[in-house]
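Colleague: Handing you this structure, nothing more for now.
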Amino acid sequence: TPTVAIVGRPNVGKSTLFNRLVGKKLALVDDRPGVTRDRREGEARLGDLEFRVIDTAGLEEATEDSLLGRMRAQTEAAIEDADVILFVVDARVGILPADRPFAELVRRSGKPVILIANKAEGAGGMAGAYDAFSLGLGEPVPLSAEHGEGMADLFEALMPHFPEPDEMEEEEADPNKPLQVAIVGRPNAGKSTLINRMLGEDRLLTGPEAGITRDSISLDWQWRGRPVKLFDTAGLRKRARVEDKLEKLSVADALRAVRFAEVVIVLLDATIPFEKQDLSIVDLVEQEGRAIVIGLNKWDLVADQQGLLKDLKEKAVRLLPQVRGAPVVPLSGLAGSGIDPLMKAVFQAYETWNTRIPTAKLNQWLTEAIDANPPPAVSGRRIKIRYMTQVKSRPPHFAIFGNQLDALPKSYSRYLVNSIREAFDLPGTPIRVSLRMGQ
Ligand code: GDP
């Protein structure tokens, strides 16, 4: 894990920042008798960044005459060990002569440094921050270690210095990798027919009396020059067709296909839509965290197409709140219509599923969302949401930091998820939120 050193003259708030980063897991390393508490170390976490943090603050209690020399030695040692340095100044009082020798040590080390203007909360908080530019250590990040403000900006500043934690990132980068698409749905929804039509050949047998279809579970296809791997369950099911086990089998098969997929097309029979089994298939896709598109098949059999589409879109919103805004596309596998809009929706859903929202934007939004609708106090406990970051994509996963979050009502989490969807245009994709306390 990377090491971060907190450096600066006495009284700028290094210990407070250290405590804020380390939280309750505070570890005093050099607490043996006879050893001064010159150096504290702890395991810190900020967003999804995990690091070792070294504080040089213990010396603030030392006597004046010995202070500077010892602090200097400590600071040098900490800088030596660090991958990144947080250089802390006091945003209220500005830069004092005492800041300069420490800044000089940092500069000479040539290591990456983040300049922190601490105590920046409230009015007048930034009075001395402009001074800080004169140190030549770059733009200061305003922060209030005591109040926990500005931690998202600190996260943003630290992140580039850390190795990329998300192993999914690489997968996204390769444009030649086929998009993995599963087509799932109740028996007779028309999955095989649709796949046949997509492939433009009778590679699967369809119809009620179809026996064996094929062995492989995936089929390679191209849509407008883009490679697509189709996963389907119909073949497997039909081979093992046993009427009384039908329901069970199709769900197990669906799960299998869903796990392979990035985007899942849930195919409904538009003449008998939103049956119980359809809803549990959508549930399953959501739980597996896949991007989702709803296909309304057999549209050729529908008389009042406009009326039904409106009706089914409303039903989708009501019956499938967990994937609010998921695209609903009418089509006919048999007639071969609607496949283009379907695939457009599939690629769009894939983009949405991959969305990454910068921390700064997210927190701008969060402040507004909380202002508009503050979290309630629950049995006298004041819930405080401090900031959030996106820890993963595919599907988008957010971590919310604050105090007493275990008391946060489910309805409030839902409010946040729904507003994130709206604000950042994330229709239909599953969204994950984890609550983290202590920072
Ligand atoms: P699967 O079990 O989901 O693979 O469903 P099949 O593809 O085997 O289709 C079941 C039945 O529905 C067959 O009789 C198909 O001909 C019929 N079917 C499939 N798609 C359509 C469609 O778009 N329109 C109409 N009218 N019938 C369809």
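Colleague: Between residue 411 and residue 11, with labels modelled 7 Å along Cα→Cβ, what's the label distance in nm to one decimal, could you check?
Modeller: Between residue 411 and residue 11, the simple spin-label model gives 5.0 nm.
Colleague: Full extension from residue 73 to residue 287: what is 0.36 nm times the residue separation minus their Cα-Cα distance, to one decimal in nm?
Modeller: 71.7 nm
Colleague: Largest first, please: the extent of the C-alpha atoms of segment 283-345 along each principal axis, to the nearest Å.
Modeller: For segment 283-345, the Cα spread along each principal axis is 33, 22, 17 Å.
Colleague: Can you run phi through the Karplus equation (6.51, -1.76, 1.60; θ = phi - 60°) for segment 189-199 and list ³J(HN,Hα) in whole Hz, with x for Gly and Pro?
Modeller: 5, x, 5, 5, 4, 5, 5, 3, 5, 4, 7
Colleague: Can you tell me the length gained on complete extension of the stretch residue 98 to residue 50, counting 0.36 nm per residue apart and subtracting the Cα distance?
Modeller: 14.2 nm is the gain from fully extending residue 98 to residue 50.
Colleague: While we're looking at this one, here's another question. Using amide H atoms built 1.01 Å from N in the peptide plane, name the residues 5+ places from residue 40, or on other chains, whose amide H lies under 5 Å from its own.
Modeller: Those qualifying (amide H under 5 Å, at least 5 residues apart or on another chain) are 55, 57, 58.
Colleague: Taking the Cα-to-Cβ direction at residue 381 and at residue 304 and moving 7 Å from each Cα, how far apart do the two end points lie in nm?
Modeller: Rounded to a tenth, the inter-label distance reads 5.0 nm.
Colleague: 5 Å is the cut-off here: which amide hydrogens, built 1.01 Å from N in the peptide plane, fall below it relative to residue 391, excluding neighbours closer than 5 in sequence?
Modeller: Close amide H contacts, sequence-distant or interchain: 397, 398, 399.
Colleague: Further, regarding this structure: Which far-off residues, 5 or more places away or on another chain, put their amide H under 5 Å from the one on residue 378, with H placed in the peptide plane?
Modeller: Excluding prolines and chain starts, which carry no amide H, the hits are 383.
Colleague: Quick check: from the Cα gyration tensor, does segment 359-437 come out rounded (a/c under 1.5), prolate or oblate?
Modeller: Prolate, because a/c is 1.5 or more and a/b exceeds b/c.
Colleague: Taking a threshold of 23 Å on the Cα-Cα distance, which of the pairs 276/310; 384/410; 229/344; 177/313; 276/410; 310/392 fall above it?
Modeller: 177/313; 276/410; 310/392
Colleague: Take residue 279 and residue 3, extend 7 Å from each Cα along the Cα→Cβ direction, and tell me the distance between the two endpoints in nm.
Modeller: Label at residue 279, label at residue 3, 5.8 nm between them.
Colleague: Relative to the present Cα-Cα distance, how much length would full extension add between residue 435 and residue 199 at 0.36 nm per residue of separation?
Modeller: Extra length available between residue 435 and residue 199 comes to 80.5 nm.
Colleague: Right, here's the next one. What FRET efficiency would be calculated for the residue pair residue 424, residue 108, taking the C-beta separation as r and a Förster radius of 35 Å, to the nearest 0.05?
Modeller: According to the calculation, E is roughly 0.25.
Colleague: Using mean Cβ contacts within 10 Å as the protection proxy, how do 409-417, 184-192, 325-333 order, highest first?
Modeller: For the peptides 409-417, 184-192, 325-333, the packing ranking is 184-192, 325-333, 409-417.
No value in this document is a laboratory result; all are computed from the given coordinates. Fair warning: this is a prediction, and the values are worked out from it, not measured in the lab. Cβ atoms come from the backbone with ideal geometry, glycine included; neighbour counts cover every protein chain shown.
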